[in-house]
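Values quoted throughout were computed directly from the atomic coordinates according to the rules given, and no laboratory measurement underlies them. Predicted model, so just to flag it, every value in this text is computed and none were measured. Cβ atoms come from the backbone with ideal geometry, glycine included; neighbour counts cover every protein chain shown.
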Protein chains: 4
Amino acid sequence: MQTDRMKALTDGVLAIVLTILVLGFEVPEHDFSQAGLLAFLAQLAEPFIAYVVTFGIVSAYWIQHAAIFHYVTAGDRWFFWINLLFLLPVTMLPFLTNLRATYHDEHLVTVLYAATNVLCGLLLLALWRHGSRRQLARRVSAEVDRSMRGRILFGVALNIVGAGAAWIDTHLSSAVFIALPLLYLSHRVVDSQWRDGGSELAE
Amino acid sequence: MQTDRMKALTDGVLAIVLTILVLGFEVPEHDFSQAGLLAFLAQLAEPFIAYVVTFGIVSAYWIQHAAIFHYVTAGDRWFFWINLLFLLPVTMLPFLTNLRATYHDEHLVTVLYAATNVLCGLLLLALWRHGSRRQLARRVSAEVDRSMRGRILFGVALNIVGAGAAWIDTHLSSAVFIALPLLYLSHRVVDSQWRDGGSELAE
Amino acid sequence: MQTDRMKALTDGVLAIVLTILVLGFEVPEHDFSQAGLLAFLAQLAEPFIAYVVTFGIVSAYWIQHAAIFHYVTAGDRWFFWINLLFLLPVTMLPFLTNLRATYHDEHLVTVLYAATNVLCGLLLLALWRHGSRRQLARRVSAEVDRSMRGRILFGVALNIVGAGAAWIDTHLSSAVFIALPLLYLSHRVVDSQWRDGGSELAE
Amino acid sequence: MQTDRMKALTDGVLAIVLTILVLGFEVPEHDFSQAGLLAFLAQLAEPFIAYVVTFGIVSAYWIQHAAIFHYVTAGDRWFFWINLLFLLPVTMLPFLTNLRATYHDEHLVTVLYAATNVLCGLLLLALWRHGSRRQLARRVSAEVDRSMRGRILFGVALNIVGAGAAWIDTHLSSAVFIALPLLYLSHRVVDSQWRDGGSELAE
């Protein structure tokens, strides 16, 4: 089965997740004074941190998903269902982000958040392993396979570290979580899909 | 008329339905204690069950829709309108899921939910029958037709059973409903579209 | 400029509009009795009518938009901006639908709703006139042009009649509005795009 | 890497932003009188202005984004991440629009709004500079490059002027902001992508 619709559904879900994160920012009552506005904006610091962290993590998932589907151009029934299962914890993230914003001191909430992201990572890994094993369209080199798995497992490990950091300070957890997209952004090794893309530039 | 836009609209609607299910999870007041947080998380059990059930069912619809449009590559005016009619009860599901989460003891709510899903199933069946009869692009074998219809009608039957189970226990209904995606996932017979897809792997 | 992205943006906006209509259905408090549930469901009649009417009208806009873009395969800057302008009143419809559901007795609300739909119709007409005049890809026959304009203007006229009917009874207005998608569904004349599509079936 | 999915994600995010702007319009209590309805509609003036301004600005971003991706048909890792970074302030706009609607007298809110738009503009500029420098598919003429940069920087300048105007009157700011889409609409110079598109009309 062609992967076009799976890509379209996933892009849709991730686009909505990225955009509704902000629905957790509630505009306060109309009769606030200017002092009230400043107090309100100061209170937004915690929701804003929680929102930027999730925005970064979901962006990294999207990049990872695009990289997987760059190599895997068709899938069987299991591949489609693993993708749908991956979307399940992803759709939990806007709620968990709001919960983190409100309960920014509770490490339990941060652990729940990290556990959900560990699940996302493991399902992405399953998607890659199942998809790359079966796919026939392009040979996946051992190097690509190793770097793809390493990158996903790195994200999983980072979430476990972030969950542990919550016992010290939940803001430290946020700092660990945000490292995920930053490292994705700077990571050199897994660039083969971009290079492949480069050779297709002339379409 | 080409089916591209119908696929895009349906992917969009289903992606939004999957993602806004979680908007029913409301974050409680800020001044909660840790004990209050634990109580709140315990209360989330019912919304969580309702959300997972609907996520599974809508995922199954999406798989089914993708399978139908795998065979039906063009449609007339009726085909487009049947698709739009199918989306109408689908967009009711987030509201009905919230209602189930809140009124998890009321079998009336479960019956409403099941009835909406029966309607979704019957409209999917109409979509397949109308689309496959007219479609010229690929011959649909009798085997494909039988298994496609069987799979859709099986979902309809399961929803009727689930509605009946509500008189015993509404959680039993949830167990019956969730069987739909699980059986889709494991079902062997209707795999022809994946095999067809397999032959197109090299694009 | 290629119209792919304009189609994607429009499909996205219309998919969201169709899906968030239901966000106006609020689940009542948890401590309701069964009698309270029945009363609540009875109260949903007005929101449900308002929702079905808008779902039908937006579906008709989508069909119309797909028909226009079937003929118009590229556009200039004005074409793109007319499309964006068309989306402006369309995004007002979920709010106006909620307003209609709440103020189902006030003809002023129905007039606002109809006026917004008249604007949508006139902008669709401008889109067609501007797009079909300039488009070079396919000749648009006088017959197609006449039936396309007739169908759009018919929707505009129906909205004006529906607004007038609000002085008699706002439910009569709903009945007039819902005639729009029903007539689109049954309308014979404007079928050329389906026939054109038919000849492309073998892709 | 192919840009298809980046276009799909961006179209999705912008479509949602355009559509959820209206969620800030809250339908008042049911037991309002007709006088109350009129008062409510009069109060909608400020939210409506804020909504139209943001709708116009986001539309201009979409047109600009489509123009950039008309020339840039493939991108490296940085290009993808710059695009994701661009989406971050864009998803803030619905919240900031609601804030402007509620605090229409506070110039601080208008400054925040303008600053977010300046960020959007600078990230669009980075996207263009990074994408056009590397892209190999089509030569970008110096004229196209100059007009593209000019147009983006013009929007940035307009936002700075609009922020300054808030000290005089926040409605003047709105008037300045709305000039952005109006000038995009009427701007002659940067039409090369439409002309390029024109030559592709016959597909």
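The table that follows gives values for the structure above.
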item: Most to least packed among B:51-62, A:17-28 [average Cβ atoms within 10 Å]; result: B:51-62, A:17-28
item: Sequence of A:Asp4, A:Asp11 once ranked by neighbouring C-beta atoms within 10 Å, starting from the fewest; result: A:Asp4, A:Asp11
item: Rounded tilt (10° steps) of B:77-102 against the dominant C-alpha axis of chain B; result: 20
item: Shape box of segment D:41-124 [Cα atoms, principal axes, largest first, Å]; result: 48, 21, 14
item: Computed log₁₀ I(q)/I(0) - Debye formula, equal Cα scatterers, no solvent, the protein assembly as shown, q 0.06, 0.07, 0.10 Å⁻¹; result: -0.37, -0.51, -1.16
item: Lys, Arg +1 and Asp, Glu -1 on Cβ, resulting dipole of the protein assembly as shown about Cα centre, debye, nearest 20; result: 3520
item: Listed peptides D:156-166, D:37-47 by packing density, highest first (mean Cβ within 10 Å); result: D:156-166, D:37-47
item: Ranking of D:Glu106, B:Glu143 by count of other Cβ atoms within 10 Å, fewest first; result: B:Glu143, D:Glu106
item: Dipole of segment A:31-141, positive direction: furthest Cα of A:Gly36, A:Ile57, A:Leu122, with charges on the beta-carbon; result: A:Leu122
item: q = 0.32, 0.33 Å⁻¹, segment D:73-116: log10 I(q)/I(0) [Debye, one scatterer per Cα]; result: -1.06, -1.09
item: nm² value of the averaged projected area, convex hull over the Cα atoms of chain B; result: 13.3
item: Estimated dipole of segment D:1-125 in Debye, rounded to 20 [Cβ of Lys and Arg +1, of Asp and Glu -1, Cα centre]; result: 540
item: Signed unit charges on C-beta, dipole axis of the protein assembly as shown, positive-most listed residue B:Phe48, B:Thr91, D:Ser174; result: B:Thr91
item: Per-residue average of Cβ from other chains inside 10 Å of A:75-81; result: 6
item: Angle between chain B longest axis and helix B:34-43 axis [Cα atoms, degrees, rounded to 10]; result: 40
item: Expected-Rg normalisation [2.2 N^0.38 Å, Cα atoms] applied to segment C:1-98; result: 1.43
item: Peptide-level mean, for D:90-99, of C-beta atoms on other protein chains within 10 Å; result: 5
item: Environment charge of B:Val52, counting only residues whose C-beta is closer than 12 Å and scoring Lys/Arg +1, Asp/Glu -1; result: 0
item: CD proxy at 222 nm, helix term only [per DSSP H run n ≥ 4: -39500 (n - 2.57); per residue of the protein assembly as shown; nearest 500]; result: -26500 deg cm²/dmol
item: At R0 = 41 Å, FRET efficiency that the Cβ-Cβ distance of D:Leu122 and C:Leu122 yields, to 0.05; result: 0.65
item: Net lengthening on full extension, A:Ala35/A:Asp145 (0.36 nm per residue, minus Cα-Cα); result: 34.1 nm
item: Helix D:107-134 axis, angle to chain D major axis (alpha carbon atoms, nearest 10°); result: 10
